[in-house]
Amino acid sequence: MKILLIGASGVIGRAVMHALSSDHEVHTASRKSGDLQVDMSDPDSLRSLFAKTGPLDAIISVAGDGVMAPLATMSDDDFNRTVDTQMKGQLNVLRLGLDVVTPGGSITLTSGVAAQNPMPSTSAIAASCAAIEAFTSTAATEVETVRLNVVSPIFVKESMELFGLPTDGGLSAVDTAKSYLAAVTGDMHGQILSTPDFA
């Protein structure tokens with residue numbers, strides 16, 4: 001399959017790239033690195049990206065620029081960065097990506113555990129994750145030729161280590177990547193995939 005992986009430079013993205021690259025033709029995109037560059041907050045940048053890739057069998061987005069900030073001190077920039085990139089950026093990947101994904105293909109977005117488990121300083125991230133899940137499951141009721149799914153990762157151990165947090169309860173990036181592989185190669189449609197279910 002010809003797959004576009006957006007956000008391949010991140011912890012999860014690198015693991016997904018490794019999981020897919022042995023059996024599939026994977027093209028990578030991110031803001032500053034990868035085969036192609038894209039600014040997910042700009043719909044025209046996404047249109048340009050899809051014009052360059054041409055037809056695809058699958059699109060996976062593991063990109064997002066969510067900002068952790070207490071509600072009382074959250075700046076306009078904090079809020080807009082999260083909504084414009086993590087939420088609107090991914091929704092536009094789905095909306096605009098439908099034009100280039102071949103029938104029988106798939107688009108997989110990424111939300112997160114914050115949508116179901118409220119935590120301090122994650123209100124904008126949680127809202128974005130919940131919106132991604134609602135948008136995708138609803139869009140799946142309208143789209144029949146392309147499978148639409150969302151992977152909802154729990155905390156990734158490698159990221160927890162970077163932040164100096166204990167890794168109990170986390171999941172490795174390698175095990176997290178298994179959910180994306182299942183979304184691309186399976187037959188599910190309109191589903192929210194919890195990463196522990198596929199580890």
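Helix 88-97 sits at what angle to the longest principal axis of the chain, using alpha carbons and giving 0 to 90 degrees rounded to 10?
Roughly 10 degrees, rounded to the nearest 10.
Ignoring solvent entirely, what values of log10 I(q)/I(0) come out of the Debye formula for the stretch 22-178 at 0.18 Å⁻¹ when each Cα is a single scatterer?
Each listed q corresponds, in turn, to -1.21.
Starting from the amide H of Thr28, placed 1.01 Å from N in the peptide plane, find each other amide H under 5 Å away whose residue is 5 or more places distant or on another chain.
Distant-sequence amide H within range of Thr28: Leu5, Asp35, Leu36.
Ignoring GluC sites (Glu not before Pro) that are buried or in helix or strand per DSSP, and keeping those with at most 16 other beta carbon atoms within 10 Å, what is the longest stretch of the chain between them?
Of all site-free stretches, the longest is 1-141.
Considering the chain as a Gaussian network with a 10 Å cut-off on Cα pairs, which listed residue, Val16, Val113, Val150, attains the greatest mean-square fluctuation?
Per the Cα network of the chain with a 10 Å cutoff, Val113 tops the list.
Multiply the residue separation of Ser121 and Ala134 by 0.36 nm, subtract the distance between their alpha-carbon atoms, and state the gained length in nm to one decimal.
2.5 nm
The stretch 1-103: which trypsin sites (Lys or Arg not before Pro) are DSSP loop and have at most 15 other beta-carbon atoms within 10 angstrom?
Qualifying residues, ordered by number: Lys32.
In degrees, nearest 10, range 0 to 90: what is the angle between the Cα axis of helix 123-139 and the longest Cα principal axis of the chain?
The angle comes out at about 30 degrees.
Identify the chymotrypsin sites (Phe, Trp or Tyr not before Pro) of the stretch 141-199 meeting these criteria: DSSP loop state and at most 12 other C-beta atoms within 10 Å of the C-beta.
Taking the stretch 141-199 and a limit of 12 other Cβ atoms within 10 Å, the loop chymotrypsin sites (Phe, Trp or Tyr not before Pro) found are Phe163.
Under 5 Å between amide H atoms, partner at least 5 residues away or on a different chain: which partners does Leu193 have, H built in plane at 1.01 Å?
Here the answer is Val150, Val151, Ser152, since their amide H atoms fall under 5 Å of that of Leu193.
Computed FRET efficiency, Cβ-Cβ of Asp187 and Ser75, R0 35 Å: what is it to the nearest 0.05?
0.20
Springs between alpha-carbon pairs under 10 angstrom, Gaussian network model over the chain: which of Ala51, Ala173, Ala130 fluctuates most?
Highest fluctuation of the listed residues: Ala51.
Dividing the Cα convex hull volume of the stretch 49-122 by residue count, how many Å³ per residue is that?
In the stretch 49-122, the Cα convex hull volume per residue is 89 Å³.
What number of lysine-lysine pairs in the chain show an alpha-carbon separation below 22 angstrom, given a sequence spacing of 8 or more or placement on distinct chains?
7
Coordinate-derived values only; no laboratory data. As the structure is a computational prediction, the values presented were derived from the model and not from experiment. Ideal geometry is used to build each Cβ from the backbone, glycine not excepted, and the neighbour counts take in all protein chains shown.
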